[in-house]
Amino acid sequence: MVRMRLVVFLPLCWFVSTAFVGTPWRRRAQKEKGECLVARQAAVKFTYFPLWAKGPACALALQHSGMEWRGEFPQDWKGLKPTTPFLHLPTLETEDAGTIGHELAILNYIGQKSQKMSGAGAKEFAVSQQLMQQAEDIYQKLSQLKSGMLSGEAAAAFWVANDQQTHNRNFGLKVYLQLLEAFYERCGAQSGKFTSSGVTVGECKLFSTLHALKLIQENILKDYPGLSNFYTRFASEAATQSVLKDGGNMPDAFGQYFKF
């Protein structure tokens, strides 16, 4: 009788573990391949305005990650604003971490879900994080231009100044792009990738910023072959094309935000 119970019980345990949980070695293999281990969980909800500003990098990362997600444009921003963590968008509503505010925090949440998005090992993780921060530096300068905080001669200088010896608060766009081009070479990048996956959260953020620049000036990357290769390769990815054409899982595409 005991033996019969064991015969029935053991296969049942195996079925439950594989059908609903997954074997430990299968989960480990998935992670090593960069597969998202949360793809079967309930979809996360991403909210942002229909503008190519702080939202597209997150949409790109979500689309490339394989996570289940849905996007939403705010219908009543005045009513929604008080409910957000920091009174601004984007936000990401999740089951395991609650509602997350801030673009970079959302990107890092997505990154920690899989090796594909975070980078393979410490070196690629560091590469991704540096790209994220450098891209954010450029974004902040564009924001200063749009708001008028950077105006007159200083605004004009941003597009042409290339003095790397000045204080970094005075860096022009050419300096930022020169530094990124040099970083691309130091990473030993090939086939337009800074990392082995080519779609880490830092690369998503960098592409988003470069695309904002190209919307302003189409040939902005003509003197930077490495960055041009990266941009072209990333843009050709199916997940990227989905976001560019119709916003991915957003209700519609993101429109140009920075216009000068």
102, 64, 88, reordered so the largest accessible area comes first (probe 1.4 Å) | 102, 88, 64
What is the log10 of I(q)/I(0) for the stretch 109-156, computed with the Debye formula using one identical point scatterer on each Cα and no solvent, at q = 0.31 Å⁻¹?
-> -1.05
Any residue on another chain or 5+ positions along whose placed amide H is under 5 Å from the amide H of residue 51 is listed here as 255
Report the accessible area of residue 260, computed with a 1.4 Å probe over the heavy atoms of all protein chains in place, in Å² rounded to the nearest 10.
-> 120
Other-chain or far-sequence residues with amide H under 5 Å of residue 100's (modelled H) | 92, 93, 94
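Could you work out the local net charge near residue 139, counting Lys and Arg as +1, Asp and Glu as -1, over the other residues with Cβ closer than 13 Å to its Cβ? Walk me through the numbers before you get to the answer.
Working: positive: 54, 141, 146, 205; negative: 103, 136, 137.
Summing Lys and Arg as +1 and Asp and Glu as -1 gives +1.
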In whole Hz, what ³J(HN,Hα) sequence does the stretch 61-73 give by Karplus (6.51, -1.76, 1.60; θ = phi - 60°), x for Gly and Pro?
-> 5, 4, 5, 6, 6, x, 5, 7, 8, 9, x, 8, 8
Radius of gyration and maximum dimension Dmax of the stretch 86-187, Cα, Å | 16.7, 48
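Could you sort 237, 153 by accessible area so the largest value comes first, with the probe set to 1.4 Å?
153, 237
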Among all lysine pairs in the stretch 149-260 that are eight or more places apart or on different chains, how many have alpha carbons less than 22 angstrom apart?
-> 17
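Could you state the orientation-averaged shadow area of the convex hull built on the Cα atoms of the stretch 100-246, in nm² to one decimal?
Values: hull surface 37.8 nm².
Hull-based average projected area comes out at 9.5 nm².
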Reported to the nearest 10 Å², residue 257 has, with a 1.4 Å probe, an accessible area equal to 70
Just how much of residue 116 is accessible, in Å², when a 1.4 Å probe is used and the result is rounded to the nearest 10?
-> 70
Using the Cα atoms of the stretch 43-132 to build a convex hull, what is its mean projected area in square nanometres?
-> 5.9
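Just the C-alpha atoms of the stretch 151-236: what Rg/Rh do they give, with Rh taken as the Kirkwood radius? Mind showing how you got there, number by number?
Values: Rg = 13.4 Å, Rh = 13.6 Å.
For the stretch 151-236, the value is 0.99.
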Summing Lys, Arg as +1 and Asp, Glu as -1, what charge do residues with Cβ under 14 Å from the Cβ of residue 176 carry, residue 176 excluded?
-> -1
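The values are calculated or read from the model by the stated rules, or taken from the named source; none is laboratory data. For clarity, every value in this text was computed on a predicted model and none was experimentally measured. Every residue, glycine as well, gets a Cβ built from its backbone with ideal geometry; the counts of neighbours run over all protein chains shown. The area values use the complete protein model at the heavy-atom level, side chains included, leaving out ligands, DNA and RNA. Shrake-Rupley method; radii C 1.70, N 1.55, O 1.52, S 1.80 Å.
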